[in-house]
Amino acid sequence: MDLQSHKEFLWKYKLSYGETRPKKDDPEKQVYPFLNKIIETDFASCGTQEVKDAIDACQSVEEIFDIVSDEWKDFYFLEVSNHIDQEEFSRILKKLYDTVGITTQIYEKTYAFEAERATDEVKQYLYDQGVLNKEAYTK
């Protein structure tokens, strides 16, 4: 994956193509795709230089994952998972589980499917967390 092109794409389309997601603990509020920003007036007003600078400062997809709002982490993971190497994929998969767990887009079957590509260490971690059953883990 060409990281610079990826960052330019993210800035242009804001990851979400203009859609918003409700804040987990306050569904009346909408969350911007980056920096856990709450949308106060409108979507466009959140696309500040601060966000652009944060994206530009990232040196890896994993660093970008870290600045993606929690409500968007599952979507971002699914967008990039086929374009990164096994090590980065595994680290992000573990972070995904640790930060957002099971969501409407990432559920136990998804973790089991994605874990097939993960390192043994991350497979073991997901198994220990109860996300993978014995059959999925031993595949």
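The values are calculated or read from the model by the stated rules, or taken from the named source; none is laboratory data. As the structure is a prediction and not an experimental result, all values here were calculated from the model. All Cβ positions, even for glycine, are placed from backbone atoms using ideal geometry, and neighbour counts span all protein chains on display.
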Enumerate the pairs (first residue in region 1-20 and in a loop (DSSP other than H, G, I, E, B); second residue anywhere and buried (at least 17 other Cβ atoms within 10 Å of the Cβ) and β-branched (V, I, T)) with beta-carbon separation below 8 Å, excluding pairs fewer than 6 apart on the same chain, so at least 6 apart or on different chains. M1/V61; M1/V80; M1/I84; L15/V68; T20/V31
Check whether at least one residue in region 42-62 is polar (S, T, N, Q), touching a Pro at 6+ places or on another chain (Cβ under 6 Å) and modelled with pLDDT under 95, and report yes or no. no
Report whether or not K123 is under 23 Å from E19 (Cα atoms) and not aliphatic (A, V, I, L, M). no
Return the only residue of T48, T110 being hydroxyl-bearing (S, T, Y), over 30 Å from N133 (Cβ atoms) and out of contact with any Gly (no Cβ under 6 Å at 6 or more places or on another chain). T48
Considering only residues that are of a type in the set (F, W, Y) and either in contact with a His (Cβ under 9 Å, 6 or more places away or on another chain) or in a helix (DSSP H, G or I) (or both), look in region 104-120 and name the one that is surrounded by the most Cβ atoms within 10 Å (Cβ to Cβ). Y111
